[in-house]
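> Please read through the structure below; I'll follow up with questions.
The values are calculated or read from the model by the stated rules, or taken from the named source; none is laboratory data. Predicted model only: the values in this text are computed from it and were never measured. All Cβ positions, glycine included, derive from the backbone under ideal geometry; neighbour counts span all protein chains shown. Only protein heavy atoms, including side chains, enter the accessible area calculation; ligands, DNA and RNA are left aside. Shrake-Rupley method; radii C 1.70, N 1.55, O 1.52, S 1.80 Å.
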Amino acid sequence: MVKTTILIKNLTPKKYNHEDSKSLLKIYNQAVSKGYTGTNKKIKLETHQKWLKKKISSKNNLIFLGKLNDIIIGYIRFENICFKKCDISIALKKQFINRGYGSKLLNRSISNLVKLKKIKKIESKVKKKNINSINFFLKNNFIETTKTKKKNSIYRYFKLNLK
């Protein structure tokens, strides 16, 4: 399986390694504390490392890191890759949100994903209170799906159809 680091501006590539798990966990737990994830409990390092090891060893998941000057600023996870479609999750450190890094990371990650997995459709679910993510997906050509909207759901659903 190919592990890739996405370049943003003048970045040097670095493959994912076990040490990166701490940075990814910190970014994830930052989102948890804001209530943007499916859980309200922060994850402990040992639990996260077990989960991450399982994720990166699967052919149905890819994780791309966004790095700026050797610092991980965010990540994108493509999960449940099957039948030319997948789910996406993206997170950035708070100081890099609304500065264009997420869009660059997304576009370059999708390019690599399509080359590796021939994906045609990407789907996402976002908590309704996560306005930054909702605006991010809309800005990056995702379309909100009405067929998956559920009454009283705490999520909004988006998809991106690729050529």
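> Kindly evaluate Ser109 against the criterion of being within 20 Å of Leu65 (Cα to Cα), modelled with pLDDT under 90, in a helix (DSSP H, G or I) and under 12 Å from the mean Cα position of the chain (by Cα).
In short, yes.
> Looking at the stretch 89-102, which of its residues are open to solvent by 10 Å² or more (accessible area, probe 1.4 Å) and either in contact (Cβ under 8 Å) with a residue 60 or more places away in the chain or assigned to a helix (DSSP H, G or I) (or both)?
If the condition is that a residue be open to solvent by 10 Å² or more (accessible area, probe 1.4 Å) and either in contact (Cβ under 8 Å) with a residue 60 or more places away in the chain or assigned to a helix (DSSP H, G or I) (or both), then Ala91, Leu92, Lys93, Lys94, Gln95, Phe96, Tyr101 are the ones that fit.
> Let me ask another. Only one of these is touching a Phe, Trp or Tyr at 6+ places or on another chain (Cβ under 9 Å) and either more than 19 Å from Gly35 (Cβ to Cβ) or open to solvent by less than 80 Å² (accessible area, probe 1.4 Å) (or both): Leu116, Leu106. Name it.
Residue meeting the stated conditions: Leu106.
> Any residue at all in the stretch 75-88 that is open to solvent by 20 Å² or more (accessible area, probe 1.4 Å), modelled with pLDDT under 90 and of a type outside the set (D, E, K, R)?
No, there is no match, as no residue in the stretch 75-88 is open to solvent by 20 Å² or more (accessible area, probe 1.4 Å), modelled with pLDDT under 90 and of a type outside the set (D, E, K, R).
> Which of the residues spanning the stretch 119-134 are under 16 Å from Ile76 (Cα atoms) and either assigned to a strand (DSSP E or B) or open to solvent by less than 10 Å² (accessible area, probe 1.4 Å) (or both)?
Those that are under 16 Å from Ile76 (Cα atoms) and either assigned to a strand (DSSP E or B) or open to solvent by less than 10 Å² (accessible area, probe 1.4 Å) (or both): Ile119, Lys121, Ile122, Glu123, Ser124, Lys125, Val126, Ile134.
> Take the residues in the stretch 40-56 that are surrounded by fewer than 10 Cβ atoms within 10 Å (Cβ to Cβ) and assigned to a loop (DSSP other than H, G, I, E, B), then tell me which one is modelled with the highest pLDDT.
Filtering the stretch 40-56 for residues that are surrounded by fewer than 10 Cβ atoms within 10 Å (Cβ to Cβ) and assigned to a loop (DSSP other than H, G, I, E, B), the one modelled with the highest pLDDT comes out as Lys41.
> Continuing with the same structure: Modelled with pLDDT of 85 or more and assigned to a loop (DSSP other than H, G, I, E, B): which single residue out of Lys22, Lys26, Lys59 fits that description?
Being modelled with pLDDT of 85 or more and assigned to a loop (DSSP other than H, G, I, E, B) holds for just one of Lys22, Lys26, Lys59, which is Lys59.
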